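Inspection log for the structure reproduced underneath, given as structure tokens.
The values are calculated or read from the model by the stated rules, or taken from the named source; none is laboratory data. Note that this is a predicted model, so its numbers are computed, not measured. Please note: Cβ atoms are built from the backbone with ideal geometry, for glycine as well, and neighbour counts cover all protein chains shown. To get the accessible areas, we keep the full protein, side chains included, count just its heavy atoms, and leave off ligands, DNA and RNA. Shrake-Rupley method; radii C 1.70, N 1.55, O 1.52, S 1.80 Å.
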Amino acid sequence: MKYKIVADSSSNVFRVEGVPFASVPLKIISEEKEYVDSPELNVFEMLEDLKKVSGPVTTSCPNVFDWKEAFEGAENVFALAITSGMSGSYVAARQAGMDYMEEHEGSKVFVMDTLSVGPLVRLLIDRLKELIEQELPFEEIVEKIKEYRSHLNLFFTLESLDSLARNGRVNPAVAKLAGVLGIRIVGTGSEEGTLVPLHKCRGEKRALSTLWDEMKKNGYHGGRVQIDHCLNLKAAMDLKERICKEYPDSDVEVGTSTGLCSFYAEQGSLIVGYEK
Ligand code: X90
């Protein structure tokens, strides 16, 4: 096969129609059980289980071997990794890419540090698919996808930052902001791919209008939007309605967070990637 897209499971994507694709799972690990972020994982059951666990719950990213295995069979690979600002996945993927090219003469691997997660990565996957379908040369696709990345943004609303704080992925002082019942955090990603909290909002309605205002302030003009929710379809549809009302020609997709994003973003969250 000539081209293959590979992404780690932080993308919330397991299948892509019409182009070779592989998802490389991250894992969520409690003292009792290991949850592999794959299509078989029941996210609701995992979150229910984890509520009962008192010990630490950690995560692990794919290693070099996992990534390399996913590249197999392809001449040219486009690999997308969760932000290196919060995970070691990109470093492993980059090493895997170098090993793969050494072991398969003539093959090419482009590994992208997406500096983001979830729905933003889905937008990159969909764009890569279009570029592959246009049968462009490898290097041109690399240039075009880097360009496209610079036109994407991500915002989120989270009800709790507990999992992120317990695993050292956000500063504990920041996590405290979200500690109050009924308070939601609206935020974004930094240029270095770390989490930036922007607002404390009381109640979901307030959080959604704040998120929507931030999107517009930060370049949204009616392009594609991908909304991934964790057990909160209602909020995702509410946001979609707001977007479609102001931008009737926009293209808004709603999806679900899989294991990794659901564990960190927690129940009730929305993560939103969009074209600016
Ligand atoms: O174990 C690992 O290597 C995985 C660690 C992943 C930690 C981050 C997960 C973030 C999930 C939270 C909201 C979006 C923040 C985006 C900032 C760039 C989603």
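Number of residues in region 132-164 that are modelled with pLDDT of 95 or more, assigned to a helix (DSSP H, G or I) and surrounded by 20 or more Cβ atoms within 10 Å (Cβ to Cβ): the value is 2.
Any chance region 118-126 includes a residue that's farther than 28 Å from residue 196 by Cα and open to solvent by less than 70 Å² (accessible area, probe 1.4 Å)? Full working, then the answer.
Filtering region 118-126 down to residues farther than 28 Å from residue 196 by Cα leaves none.
No: region 118-126 contains no residue that is farther than 28 Å from residue 196 by Cα and open to solvent by less than 70 Å² (accessible area, probe 1.4 Å).
Listed residues 187, 168; which is of a type outside the set (S, T, N, Q), open to solvent by 30 Å² or more (accessible area, probe 1.4 Å) and either out of contact with any helix residue (DSSP H, G or I) (no Cβ under 6 Å at 6 or more places or on another chain) or farther than 27 Å from residue 234 by Cα (or both)?
From the options 187, 168, the qualifying one is 168.
Before we move on, is residue 111 open to solvent by 20 Å² or more (accessible area, probe 1.4 Å) and within 16 Å of the ligand (Cβ to nearest atom)? It is true that residue 111 is open to solvent by 20 Å² or more (accessible area, probe 1.4 Å) and within 16 Å of the ligand (Cβ to nearest atom).
Among the residues of region 21-70, the ones that are surrounded by 21 or more Cβ atoms within 10 Å (Cβ to Cβ) and among the polar types (S, T, N, Q) come to 1 in all.
For region 165-203, which residues satisfy the criterion of being among the hydrophobic types (A, V, I, L, M, F, W, C), assigned to a loop (DSSP other than H, G, I, E, B) and away from the ligand (no atom under 12 Å from the Cβ)?
Residues of region 165-203 that are among the hydrophobic types (A, V, I, L, M, F, W, C), as a first pass: 165, 170, 173-175, 177-178, 180-181, 183, 185-186, 195-196, 198, 201.
Still in the list and also assigned to a loop (DSSP other than H, G, I, E, B): 170, 178, 180-181.
Scanning region 165-203 gives 180, 181.
List the strands (runs of 3 or more DSSP E) that sit entirely inside region 35-130 and contain at least 1 residues that are among the small types (Gly, Ala, Ser).
Working: elements: 58-60, 76-81, 108-113.
Ranges flagged: 58-60, 76-81.
The set of residues in region 82-108 that are more than 15 Å from the ligand (Cβ to nearest atom) and of a type in the set (D, E, K, R) comprises 99, 102, 103, 105, 108.
Residue-wise test of (1) touching an Asp or Glu at 6+ places or on another chain (Cβ under 9 Å); (2) touching a residue at least 40 places away in the same chain (Cβ under 8 Å); (3) more than 19 Å from residue 227 (Cα to Cα).
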| position | (1), (2), (3) |
| --- | --- |
| 140 | no, no, yes |
| 148 | yes, no, no |
| 157 | yes, yes, no |
| 170 | no, no, yes |
| 173 | no, no, yes |
| 188 | yes, no, no |
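The set of residues in region 204-230 that are out of contact with any strand residue (DSSP E or B) (no Cβ under 7 Å at 6 or more places or on another chain), more than 12 Å from residue 271 (Cα to Cα) and part of a loop (DSSP other than H, G, I, E, B) comprises 221, 222.
Output the number of residues of region 240-276 satisfying the condition of being open to solvent by 30 Å² or more (accessible area, probe 1.4 Å), within 16 Å of the ligand (Cβ to nearest atom) and part of a loop (DSSP other than H, G, I, E, B). So the answer is 3.
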